[in-house]
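The values are calculated or read from the model by the stated rules, or taken from the named source; none is laboratory data. Remember, it's a predicted structure, so these values are computed and weren't measured experimentally. Using ideal geometry, Cβ is built from the backbone for each residue, glycine included, and neighbour counts are taken over all protein chains shown. Heads up: the accessible areas ignore ligands, DNA and RNA and are worked out on the full protein's heavy atoms, side chains in. Shrake-Rupley method; radii C 1.70, N 1.55, O 1.52, S 1.80 Å.
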Amino acid sequence: MTTEDQSHEADDIIICRDVHKWFGNFHALRGVTTSVRRGQVVVVIGPSGSGKSTFIRTINRLEYHQRGQIIVDGFEMTDDVRNIDAIRREVGMVFQSFNLFPHLTVMRNITLAPTKVRHVPIAEADAAALELLERVGIPEQADKYPGELSGGQQQRVAIARALAMQPKVMLFDEPTSALDPEMIKEVLDVMRELAASGMTMIVVSHEIGFAKEVADSILMFDEGKVIEERPTSEFFDHPREDRTKAFLSQILG
Amino acid sequence: MVAGQGTTPTPAPVLPPRSEVGAVGWARANLFSSWYNSLLTVIASAAVVLGLWFGLNWVVLDAEWGVIETIGGRFIIGGYNTDQACPGNDCFWRPQAALLMTTALLGMLWVVAGGVVGRIAMAVAAAAALCAFLPYSMERMGLDVRLLLLANLPALGVGWALARYTPVGKPRWVLVTGVSVFLLTVVLLRGIPGVWGLQPVPTLYWGGLTLNLLLAVAGIALSLPLGIALALGRRSDLPIVKLLCVAFIEIFRGVPLITLLFASQHLVPLAFPEAFPRNSLFSAGVVITLFSAAYMAENIRGGLQSLHPGQAEAARALGLAGWQTTLLISLPQAIRNVIPTIVGQFISLFKDTSLVYIIGMVDMVEIGRTFILGNPEYRISTKEVFIFIALVFWAFTYGMSYASRRLEQRLGVGTR
């Protein structure tokens, strides 16, 4: 098994070729082919059940794919545990339900992976964690437990936790869907800043305003397939597919 | 608000109706909210008053507590220091020395864990020291015995100071010390052939509360890790491991402990090499541990199942390996969620240690029973004996419940 894929362009950090995924008999992904360039921000939209969450979860193998190829930063995603671990170290993920560790303080949530996986000395990890908390705007919450924070603050901690591993790619799985409206902005602001800093991001989201402003391109999912993939302004101004037009008219009202 | 600026008076806070606050309000809401609630309150109050009246009357006036005094130290160590077990009756210092080591260990734990452990450590040392002043004659309870009991206070201090001021206070070393104290206690009680002052005492004669506590401590300390391993094994992806764990759990949960205890004397020696002790005590300890571990495994598994799958996903997404996810994320949360059932299992194990009487061991309950059977003149005091035994068991189990509640508060279970 070759882990290095010679054919990929140096600029493409994620390459998916004909990716299929079944849950039992349900065909969730039906041949997804796409690629993401370094530094690009891609927003994935589509109706619920269209496979967009499953798609980004295959990228760090929280779901395994049964057919096709996924290559992240030159490593092909296979059953080889070393490859999986290597890729997971490079890919940060932010979940809809935050998934902070409730038994650890905010600080320990952030420093856990760097100290246990990358073996960063604790003092160094602590300093880095404080910097990240500054960056997401809540350094004063460092010693609290996740349950003592608001949803927006928890999601910002989750972003800091993912960033602490210094990933090359960040995946966001509906990061604002579980939040009250007044907290959505504080999370999107952090994501805007992150995009401006040059981070490669794949974002599953219904926040069209955010997509229009930040995304380089939009992936439209429907029934397990990418039905339209184009630069942001083209996508919203001149959608090609009827299904896309219908979806956009629904969510834009 | 700045003083002197108060041109607009702050509106007075609106108070709840008077009938809903204070003692009257509380009683009205909780005791007399409806006619049947009022009726229940009256009946229950009458029952409590009558029960207390007759109960106290009996405890203070009618009960013959002399029997407790007569049985005395045998409740604690059974037949350990009798002529058959220890010719010369000079083995009394060995359980005493074990108690001193335990108190010192509690002093160390006090420093490491703090809080409720400190209170428990002080209670144990104080109770032991108070026993030195029991109004027995000097012939029945000599000065040496009393001094050894009093020494528990300095022992607590020594343990505390060791942990506080030396590197022994690191949790790792306290754990090592704990295991050593347990093993030393067993060796000390058992004795070493040919060593002066340590003549062997067969385990047959170990008894009383000491026996209950030895079995309980060993059972608790071993069944928790074993239960965790079984729970993880049952959730394993490896079919053989899973099958073995399920089989173990179902077999040991499906058979009465009494049956296991009967079988233990014949089966346990088959399972262990010659080097292991061949006696009822060891067999009973093994069986009680395995029985409890089977239940413990299911408790822990319940805790693991209560976790949101997102927890393990988040850990894996961060790059933590599978074993790190289990050790650092899943298990701590799972155990935290099931502390009440784990402690319930500990309590039930402690009480079940009295079942060893069926294989001829003389635990505290059995001492009470055999004393009354052997001394018919005391038959009239049966109630007193068993109420006393119940109180002793209750004191220990209540200590465990209390510690568990404080632990839950400290870990913030249910609040975060």
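Can you pull the percent of the range B:83-194's accessible area that's carbon plus sulfur, 1.4 Å probe, other chains left in place? Before the final figure, lay out the partial values.
Details: 4620 of 6200 Å².
After summing per-atom areas, the C and S share lands at 74 percent.
Ligands, DNA and RNA aside, A:Glu241 has an accessible area near 80 Å² when probed at 1.4 Å. Ranking B:Leu224, B:Leu267 from most to least accessible surface, computed with a 1.4 Å probe over the protein chains only, gives B:Leu267, B:Leu224. Overall size of the range B:232-304 from C-alpha positions, given as principal axis extents largest first: 37, 23, 16 Å. Within the range A:137-173, list the residues whose amide N lies under 15 Å from a label point set 7 Å along Cα→Cβ of A:Asp180. Of the residues in the range A:137-173, A:148-155 have backbone N under 15 Å from the label point off A:Asp180.
A cysteine counts as unpartnered when no other cysteine's C-beta lies under 4.7 Å of its own; in chain B this applies to B:Cys131, B:Cys245. For chain A, lysine pairs with C-alpha atoms less than 27 angstrom apart, excluding pairs fewer than eight positions apart on the same chain, total 20.
Once the partner protein chains are put back, the range B:309-337 shows a loss of at least 40 square angstrom of accessible area, versus the chain by itself, at B:Gln311, B:Glu313, B:Ala314, B:Arg316, B:Ala317, B:Leu318, B:Gly319, B:Leu320, B:Leu328, B:Ile329, B:Gln333 (probe 1.4 Å, ligands and nucleic acids excluded).
With protein chains left intact and a 1.4 Å probe, residues in chain A average 43 Å² of accessible area per residue.
The order of B:Tyr136, B:Tyr36 by accessible area, most exposed first and with a 1.4 Å probe, is B:Tyr36, B:Tyr136. Calculate how many DSSP beta bridges within chain A are antiparallel, expressed in % of all such bridges and rounded to the nearest 5. Of all bridge pairs located within chain A, approximately 60 percent are antiparallel.
In whole percent, how big is the carbon plus sulfur part of the accessible area of the range A:100-253, probe 1.4 Å, protein atoms only?
Values: 3160 of 6610 Å².
The nonpolar share, carbon plus sulfur, comes to 48 percent.
Label-to-label distance for B:Trp394 and B:Thr259 is 3.4 nm, based on points extended 7 Å past Cα in the beta-carbon direction.
Computing FRET efficiency as 1/(1 + (r/R0)^6) for B:Ile380 and B:Leu56, where r is the C-beta to C-beta distance and R0 is 22 Å, gives about 0.65.
When Rg and Dmax are taken over the Cα atoms of the protein assembly as shown, they come to 33.6, 105 Å.
Heavy-atom accessible area per residue, the range B:202-416, 1.4 Å probe: how many Å²?
On the way: 10160 Å² over 215 residues.
In whole numbers, the range B:202-416 has 47 Å² accessible per residue.
Simple point charges give the picture: +1 on the Cβ of Lys and Arg, -1 on the Cβ of Asp and Glu, and for the range A:32-173 a dipole about the Cα centre of about 320 debye. Treating the angle as unsigned and between 0 and 90°, give the value, to the nearest 10°, between the Cα long axis of helix A:122-135 and the longest Cα principal axis of chain A. Its long axis makes an angle of about 60 degrees. Once backbone amide H atoms are built at 1.01 Å from N, A:Lys225 has A:Arg30 as its partners under 5 Å, excluding neighbours fewer than 5 places away on the same chain. Whole Å is fine, so just give me how far the alpha carbon centre of the range B:235-304 lies from that of the range B:99-122. So the separation of the two Cα centres works out to 31 Å. Taking amide H positions as modeled 1.01 Å from N, with prolines and chain starts lacking one, the residues under 5 Å from A:Gly46 and 5 or more places away or on another chain are A:Phe221. Chains A and B together bury roughly 1900 Å² of accessible area, counting both sides, with a 1.4 Å probe on protein heavy atoms only.
Of all the C-alpha pairs in the range A:111-253, what % are more than 23 Å from each other? Cα-Cα pairs of the range A:111-253 separated by over 23 Å account for 44 percent. Span-like helix criteria (full DSSP H runs; alpha carbon extent of at least 27 Å along the helix axis; mean Kyte-Doolittle hydropathy of at least -0.5) are satisfied in chain B by B:35-57, B:93-113, B:171-190, B:208-234, B:280-305, B:382-411.
Once R0 is set to 60 Å, what does the formula 1/(1 + (r/R0)^6) return for the Cβ-Cβ distance between B:Ser401 and A:Asp11, expressed as a FRET efficiency to the nearest 0.05?
Rounded to the nearest 0.05, the efficiency is 0.40.
Stick to Cα atoms and the Kirkwood definition of Rh, then tell me Rg/Rh for chain A.
Reported Rg/Rh, Kirkwood definition of Rh: 0.97.
Comparing the full protein assembly with the isolated chain (1.4 Å probe, heavy atoms, ligands and nucleic acids excluded), the residues of the range A:63-107 losing at least 30 square angstrom of accessible area are A:Asp85, A:Arg88, A:Phe95, A:Asn99, A:Phe101, A:Pro102, A:His103.
What translational diffusion coefficient, in µm²/s and rounded to a whole number, does the Stokes-Einstein relation yield for the range B:202-416 at 20 °C and a viscosity of 1.002 mPa s, taking the hydrodynamic radius as the Kirkwood radius over Cα pairs?
This corresponds to a translational diffusion coefficient of 111 µm²/s.
Between A:Glu223 and A:Glu140, the FRET efficiency estimated from the beta carbon spacing at R0 = 45 angstrom works out to 0.45.
Helix A:242-252 and the longest principal axis of the Cα set of chain A meet at an angle near 40°. Here the range B:143-218 is treated as a sphere whose radius is the Kirkwood value from Cα pairs; by Stokes-Einstein at 25 °C and 0.890 mPa s it diffuses with a coefficient of 167 µm²/s.
Accessible surface for B:Ile43 stands near 100 Å², nearest 10, in the context of the full protein assembly shown (1.4 Å probe). Here the convex hull built on the C-alpha positions of chain B has a volume of 288 cubic angstrom per residue. For the range B:340-416, a Kirkwood radius taken over Cα pairs fed into Stokes-Einstein (37 °C, viscosity 0.692 mPa s) yields D = 226 µm²/s.
Whenever you get a sec, compute what percent of the accessible area on the range B:202-416 sits on carbon and sulfur atoms (1.4 Å probe).
That share works out to 69 percent.
Once the Cα atoms are used to define both axes, helix A:151-163 deviates from the longest principal axis of chain A by about 90 degrees.
Of the listed residues A:Asp216, A:Asp237, the order by accessible area with a 1.4 Å probe, largest first, is A:Asp237, A:Asp216. Solvent-accessible area of A:Ser249, all protein chains in place: 70 Å² (probe radius 1.4 Å, heavy atoms, ligands and nucleic acids excluded). Per residue, the convex hull spanned by the Cα atoms of the range B:83-194 amounts to 109 cubic angstrom.
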